[in-house]
1. Using a 7 Å offset from the Cα along the Cα-to-Cβ direction at both B:LYS272 and B:GLU349, what is the distance between the two label points in nm, to one decimal?
2. Roughly how many whole Å is it from the C-alpha centroid of the range B:169-206 to that of the range A:71-141?
3. With respect to the axis carrying B onto A, what is the closest chain B residue by Cβ position, and how many angstrom separate it from the axis?
4. Highest mean first, what order results for A:161-168, B:283-290 on Cβ atoms within 10 Å?
5. From the label point of A:ILE211, set 7 Å from Cα along Cα→Cβ, how far away are the matching label points in the other copies, in nm, ordered shortest to longest?
6. Distance cut-off 21 Å, Cα to Cα: go down the list A:LYS187/A:LYS214; B:LYS103/B:LYS125; A:LYS225/B:LYS306; B:LYS152/B:LYS203; A:LYS103/A:LYS175 and report the pairs above it.
7. With the solvent-accessible surface defined on protein heavy atoms using a 1.4 Å probe, which residues belonging to the range A:4-27 display a reduction of at least 50 Å² in accessible area in the multichain context relative to the isolated chain?
8. Express as a percent, rounded to the nearest 5, the fraction of DSSP beta bridges in the protein assembly as shown (both residues included) that run antiparallel.
There are 2 protein chains.
Amino acid sequence: MSHLFTIGPVEMFPETLEIGGKEVPYFRNDEFSQVVFSASEGLNRLLFNKNGEIILLTCSGTGAMEATIMNCFTKEDNLIVIDGGSFGHRFTQICEVHEIPYKAVKLDNEELTREKIDEVMGDEKFTGLLVNLDETSNGQLYDIDMISEVCKENDLVLVVDAISAFLADEVNMDKHGIDAVILSSQKALSLAPGLSIVALSEKMLKRVESIDSKSVYFDFKDYLKNGERGQTPFTPAVRLIIELEDMVNRLEEKGIDNIINETHELAVYFRKRIREIGLDYPDYPLSNAVTPVIFPDENAQEVYRKLIDKYGLTVNPSGGEVADTMFRVSHVGNHSTEDFENLICAIEEIINS
Amino acid sequence: MSHLFTIGPVEMFPETLEIGGKEVPYFRNDEFSQVVFSASEGLNRLLFNKNGEIILLTCSGTGAMEATIMNCFTKEDNLIVIDGGSFGHRFTQICEVHEIPYKAVKLDNEELTREKIDEVMGDEKFTGLLVNLDETSNGQLYDIDMISEVCKENDLVLVVDAISAFLADEVNMDKHGIDAVILSSQKALSLAPGLSIVALSEKMLKRVESIDSKSVYFDFKDYLKNGERGQTPFTPAVRLIIELEDMVNRLEEKGIDNIINETHELAVYFRKRIREIGLDYPDYPLSNAVTPVIFPDENAQEVYRKLIDKYGLTVNPSGGEVADTMFRVSHVGNHSTEDFENLICAIEEIINS
């Protein structure tokens, strides 16, 4: 018995594993183009990306974050970056390397508020805002309604890394005026790692058209041109794209609201139970995707290790300063309420032994 | 019945497909580090890369080509690029985008000679040479002994894209003084696409250390630092790395010379037979990895289509000017002599019908 409660890779679905075990077909043909079209159209519907386009990149989420910055902004821009954990901080590192001016809204495991953003913005003129909607390193879910309002009021282009939030929390490009959404295969899409997705709004497509990306591999214009015929400029992660199309079809059948609700219920159940066994989770708003579990006895690493060795259950360890006080449990992937009850029982046995 | 004679993806082995059908494990732990170490050490042995290092990149071959140029050269360099087809030409495009000075040795489906390189070099001072050892677009295998000699005489850093040549033709970093070798998962390694590999020599490691790559996702220094503990800076293509380790173990068991010989024999057999049925292949030196088949009746596209529809056999179509006169047949992947005899019989039936 083994079960993955990590936040990527996640516990996969049998339909995906079946595709994973099959020969990878040749892809420079119409058959594969149809798979690309089908996956892209489905993703646009799931993201409410009317008149926008999907770019399929063979890289990790960080590669897609960097590609998006390189193709959507220049040295003439000035960005606000929500820097509330290691993934938000990565956006600032990317801006540094590409010499794109920015100011960071730094958070120390505290809630993001409108006041904190306003304070950093002051009277300065900004052109865009970058946010990891669910800051995976500590589970905080930022307030997309508030962020969207800030962007509309200040005419900011809005880039949302929804790598962890997609399918767990609401990500609606049309409603919230989001101009770029970044996704990865190994989160709630429950595929193997290696494929990232960038959805661009109609407005962002015009911006991309006017920018010289200074990259061959990450040149969005080349992807958009090839995308017209359902292809990519370079050999893509063919197997993952086939798995993606299958998954998108099944997600659409289920309905995006039902999927988010299901994940929400699993998160609520687990959080109720974790307090019942004497542990805790943070006070700031949490994504449905992940629960950071707080260990007052600073034995998080010991419990993590015993969960694997004695029960075959893998949760997501945390790094740095919080390594001893926190691990994280993913609610995305192929899980049932029973899986979380099993995890709770195992944790309880370990901390009481 | 179906069989892939394409040059990536290729016909895969059952052992790889078995891994592809399994859950992808969590990777930020010692168990996965051991897989990375084992794969890297095996690759260094197969490439005769003494004291060098392996970098595992989640991207296509072009991503790895660009990453290598960004991390190994600067605007202070001056490169010779062998531009004998679409992949050699891609090296020149990468140099253009990153403003790295270069001169191209242009070939028009003709053999690369020492004289052609000398002519382009003239009395100018160069610092490096870039070559796709097997120019996959037309199958030419360049003379690595001659290229190595040029580099040693002129003190040039040598970068070899061996994406198609590896395991089909000799790629010996130590013997030929190669400083960087670029590989991809979907060629002779016979894995799914999505993973690329860069092997750096001891000498190139010093160069990389002194260069600012201007990239977050493709920063080799970050990969080398994380590589010390068997990890990558960003979520890697975990499933492909597990498949890679399995494949490298099996390749080492078989022995590199035996593998190259086997592929050579398949290529020789197919080439003999293709002339016997009245077709042809080019006169320039060919890689064992691929045979470009020439159709004097300009019906290459028609034969390609009928091979799929009537026989389930997929060969690699060619693009551009030669689309009607040539397709390509791969000899890397899971093939037997019988597979090639079946292909010959099918082609013969089609062209005589």
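1. The answer from the label model is 2.4 nm.
2. 38
3. B:GLY21, 1
4. Peptide ranking by packing, descending: A:161-168, B:283-290.
5. The projected label point of A:ILE211 is separated from its counterparts by 2.5 nm.
6. In this structure, A:LYS187/A:LYS214; A:LYS225/B:LYS306; A:LYS103/A:LYS175 lie more than 21 Å apart at Cα.
7. The answer is A:PRO9, A:LEU17, A:GLU23, A:VAL24, A:TYR26.
8. Here the antiparallel bridges make up roughly 50 percent for the protein assembly as shown.
The values are calculated or read from the model by the stated rules, or taken from the named source; none is laboratory data. This one's a predicted model, so the numbers in the text were calculated from it and none came from an experiment. Virtual Cβ from ideal backbone geometry, glycine too; neighbours counted across all protein chains shown. To get the accessible areas, we keep the full protein, side chains included, count just its heavy atoms, and leave off ligands, DNA and RNA. Shrake-Rupley method; radii C 1.70, N 1.55, O 1.52, S 1.80 Å.
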